[in-house]
Amino acid sequence: MELIIKNLSKTYDNGVKALQNISLEIPKGMFGLLGPNGAGKSTLMRTIATLQDADQGELSFNNINIQKDKHSLRKVLGYLPQQFGVYPKMSAEILLNHLAVLKGVTIKKERKAIVEALLHKTNLYEVRKQNLEGFSGGMKQRFGIAQALLNNPKLLIVDEPTAGLDPKERNRFYNLLSEIAENIVVIFSTHIVDDIKELCSNMAIMNRGEVVLKGKPLELIQQLEGKVYQKSIKKEELEHYKQEYHVINDKLFLGKPIIHVFSEVHPGNDFTPIKATLEDLYFSKINN
C-alpha cells in the first residue's frame, strides 16, 4: 500500500507556482507534510484528493492511476479539508447517518452499525444527540474524522487538523490518528512542528511549492547534531546576528531573545552547543 507522486507541478492563473516538480513515495502509516502557510501543502492535498488537476506529473495509489481513474480513488479515500463545514442544527448522529447514505451505505442495519462504531471511535457517542453548533473545535474535528472514515478508506488525508485546538483536544486527536494509521496511509498536513514530532515516522518539508527535505524525522535531525548553537542576546542585536550568522530560529525567553544558529564549526562568541530538534531542522530549511 503506497501513494506515489512523480514530478507533480501546478501553476495558478495568477502565475503562482503552487507545486514545483513534487516527487514523494508515501507508505502505510502516518506521513507528515510540514511547511509554512502558502508552502503548497493544501494544493497538494486537493490534487491527491482529485479536487483539482495538476499541470503535469503522475499520481498513483495501489495501482490506481489517480488522474485517469478518479472514481476508483474516491472509493478508498477519506478527506478532512482545512475548512470543514457542518450543518449546525443537526445532531452528530443524524448528520453522520445522512453522510453515510451519500457515500453509498444504503443498508439501514449496516449503516447504523458503522455510524455507532465511528461515534465510539471518535469519542462522540455520548454527545451523538447534540447539535453540532454546540460542539467545541476539537469535537468538530473528531466529527470530521468520523465522516472521513465512513467508507473504510485506505488513504486518509487530513489538512491542518489541529490548528486552534487546545492541548487536551490535540492529544486526543493525536491518539485517534495514530490508531487509524496502523493499517492505512494517512497524510497529515500541518504547519505545527509538534504535530509531526508526536505522530509521524516519515515526513517531508515543503516551502514555496517545493519539497526541500524528506525522510524519517529522527534520522533527519541527526544530520544537524553538533551543528546547532544557542545564545541569549539583546533585542537590538538580533538583526546584526542575522547578518553575521546562519540564524535558523529566534524566540523569546523571559522577554529576552535567544537565537539558534547553524554552523559546521563552533562559531565562538559565547555560543553554546545544543541538541538539535525537529524545530531547528524545520527552520533551517524554510529560513534559508
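The values are calculated or read from the model by the stated rules, or taken from the named source; none is laboratory data. This is a predicted model, so every value here is computed, not measured. Cβ sites come from the backbone with ideal geometry, for glycine too, and all protein chains shown count toward neighbours. Surface accessibility is based on the protein's heavy atoms, side chains included, excluding ligands, DNA and RNA. Shrake-Rupley method; radii C 1.70, N 1.55, O 1.52, S 1.80 Å.
Over the stretch 199-269, give the accessible area per residue in Å² for a 1.4 Å probe, as an integer.
59
Out of the stretch 203-288, which GluC sites (Glu not before Pro) are coil in DSSP terms and have no more than 12 other C-beta atoms within 10 Å?
On the way: sites: E210, E219, E225, E236, E237, E239, E244, E264, E279; in loops: E225, E264.
Here the sparse-neighbourhood loop sites are E225, E264.
With labels modelled as points extended 7 Å from the Cα through the Cβ direction, what inter-label distance (nm, one decimal) is found for L51 paired with N7?
2.8
For K227, K41, K68, K112, write out the residues from largest to smallest accessible area, computed with a 1.4 angstrom probe and no ligands counted.
Values: K227 55, K41 10, K68 175, K112 120 Å².
Greatest to least solvent exposure: K68, K112, K227, K41.
Which value in Å does the Kirkwood hydrodynamic radius of the stretch 107-202 take, with 1/r averaged over all unlike C-alpha pairs and then inverted? Spell out each step's value before the answer.
Numbers: mean 1/r = 0.0710 Å⁻¹.
Final number for the Kirkwood radius of the stretch 107-202 is 14.1 Å.
To the nearest 10 Å², what's H246's accessible area with a 1.4 Å probe?
Here the residue's solvent-accessible area equals roughly 70 Å².
Rank these residues by their accessible area, most exposed first, probe 1.4 Å: M1, M203.
M1, M203
Helix-only estimate, please: 222 nm mean residue ellipticity of the chain, summing -39500 (n - 2.57) across DSSP H runs of length 4 or more and dividing by its residues, to the nearest 500. Mind dumping the intermediate values first?
Details: 10 runs with 94 residues, N = 288.
Using -39500 (n - 2.57) per qualifying helix, the result is -9500 deg cm²/dmol.
Explain nothing, just the number: dipole magnitude of the chain about its Cα centre with +1 on each Lys and Arg Cβ and -1 on each Asp and Glu Cβ, in debye rounded to the nearest 20.
Around 1080 debye, computed over the chain.
Could you compute how much accessible surface R208 exposes when probed at 1.4 Å, giving the result in Å² to the nearest 10?
For R208, solvent-accessible area is about 150 Å².
Determine how large the accessible area of I114 is when every protein chain is in place; take a 1.4 Å probe and give Å² rounded to the nearest 10.
For I114, solvent-accessible area is about 50 Å².
Using a 1.4 angstrom probe on the protein heavy atoms only, could you order R170, R142 from most to least accessible area? The partial results should precede the final answer.
On the way: R170 50, R142 10 Å².
Ranked list, largest accessible area first: R170, R142.
Rounded to the nearest Å, what's the spacing between the alpha carbon centres of the stretch 46-119 and the stretch 143-169? Just the number, please.
Cα centroid to Cα centroid, the span is 12 Å.
Report the calculated FRET efficiency for L252 and N183 (r = Cβ-Cβ distance, R0 = 35 Å), to the nearest 0.05.
0.25
Over the Cα atoms of the chain, what is the Rg over Rh ratio if Rh follows Kirkwood?
Ratio value, two decimals: 1.03.
Tally up the carbon and sulfur contribution to the accessible surface of the chain as a whole percent, 1.4 Å probe, everything protein left in place.
Result for the chain: 48 percent of the exposed heavy-atom area is carbon or sulfur.
Which listed residue (I107, N123, L149) has the Cα farthest towards the positive end of the charge dipole for the stretch 85-206, taking +1 on Lys and Arg C-beta and -1 on Asp and Glu C-beta about the Cα centre?
Going by the charge dipole, the pick is I107.
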